[in-house]
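A quick write-up on the structure given underneath.
The values are calculated or read from the model by the stated rules, or taken from the named source; none is laboratory data. Please read these numbers as outputs of a predicted model, since none were measured by experiment. Cβ atoms come from the backbone with ideal geometry, glycine included; neighbour counts cover every protein chain shown. For accessibility, only protein heavy atoms count, side chains too; no ligands or nucleic acids. Shrake-Rupley method; radii C 1.70, N 1.55, O 1.52, S 1.80 Å.
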Amino acid sequence: MRKALFVSFVLAIAASASAQVPANIEAQLLKIGQVVDPSCTAKLYRPLMPMNDFNTYWPPDAPSPASTAPLYPGVTIVRDQSFGPNAKDVLDIFVGEKGGGSRPVVIYVPGGGGNKVEQQVRESNAFYDNIGRWATKNGMVGVTVQRHPGSGSWDDGGRDISMAVDWVHDNIAKYKGDPNHMVIWAHSAGNGPLGVYVGHAERWKNGVQVKGAIFMSGNPVPGVGGAPGGGAGRGGPGAAPAGNAPGSTCAADANMGANNGRIAGPSGQTAPAGFGGGRGAGAGRGGPLTPEQQAERDNLPGFKKTSAKIAIAFAELDPGVMNATMPANVIALHDELCKVDGPNAKDGKGHCPELWMLKGESHMSEVFSLDTSDQIVARPVLEFVKKAK
């Protein structure tokens, strides 16, 4: 098992050696430091994005889109498609106009406040269209999901993910996607809801309908190895080393909840104070959980049973990551899941997850880098999607 873990790290290092973060950006990421800084990171990657973006499609405070003309040549976007009863139950679908049907589907679940468009500064509004565009350029259909606060039940986030996946499964063939080849990818605070979804198949109408799940910068199974909640953000995967305050390196507003780039429409959700995106599956209100409640909310039994392939990734500059080494609780989770397959367990096979250490990347650059020359994240994600059938 430990040999498989070592091989996983070697593969991650080999991939990074052949796909470096652009030198000028890497230097600035190091200057920003190990903090969650969407505003400053967006300023670094915005010049690599198309001139047009979501911000030009639906400007701040506009009552309706300023233009319905295609933003990205060759890409059709279905914007703010409803998938559930809440007004924020919406998703975007990105489809390349060339090519046939039955394409793999990548479903992206954002972190932070749950917006499928980042909104700290105007530059941030270029994201996460970049993930949808990247998917189309690689022969896939991209789906970005809007998250929203639940009513307070521990499984609200997982229930919302379940509705989104069910809608995609039932409708994606109309958009050239293959409902039987779907991979879901969560970042930061999105890991909590996705962990509940994968870990509790029995709670959803149609079970877990994805072939693979990528958990980036967050532990999907709180409690294993002393793991905190499901999102990295502030306070997680461990105490962040001392460093610059968010915004201090690029003259951006240091208040990450300011929403200076906020847009109108269903995607215009205001981020809550702080970054972290809510409670993990083990958190309770009004005191400690009873043993029965803990057992009900535990994701681990479901992860040991799921047929979905699992990958867990962290950025070298994530808060709490030390010496480019995976957090101890993630290694503990890896080892626990590998036990299901016995002494011959191998990363990426059976229940044993792949582990990716994303060299040179930060908490936000790992998702802002998609659809650029920075292939540190794009390459393993693409390979994972291809294998998860």
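Just a few scattered comments:
- Site pair K31 and A295 shows an inter-label distance of 5.6 nm when each label is modelled 7 Å from Cα along Cα→Cβ.
- Cα gyration tensor shape for region 33-127, rounded if a/c is under 1.5, else prolate or oblate: rounded
- Pairwise FRET efficiency - S151 versus M51, Cβ, R0 = 45 Å, nearest 0.05: 0.65
- Cα lying deepest toward the dipole's positive end in region 119-184, options H169, V183, F127, charges on Cβ: F127
- For the peptides 359-365, 314-320, 20-26, residues were scored by their other Cβ atoms within 10 Å and the scores averaged per peptide; the highest-first order is 359-365, 314-320, 20-26.
- Report note on the peptides 123-132, 212-221, 156-165: ranked by the mean count of other C-beta atoms within 10 Å, highest first, their order is 212-221, 123-132, 156-165.
- Under 14 Å, Cβ to Cβ, from F215 - net charge with Lys/Arg +1 and Asp/Glu -1: -2
- Taking label positions 7 Å along the Cα-Cβ direction at both K387 and D61, the computed distance is 5.0 nm, reported to one decimal.
- Solvent accessible area, Å² - R122, 1.4 Å probe, full protein context: 120 Å²
- Environment charge at M163 (Cβ cut-off 10 Å; Lys +1, Arg +1, Asp -1, Glu -1): -1
- Whole-Å semi-axes of the ellipsoid equivalent to region 27-89 (Cα gyration tensor, √5λ, descending): 28, 18, 12
- Modelled FRET efficiency - R0 35 Å, N260 with K98, Cβ distances, 0.05 increments: 0.40
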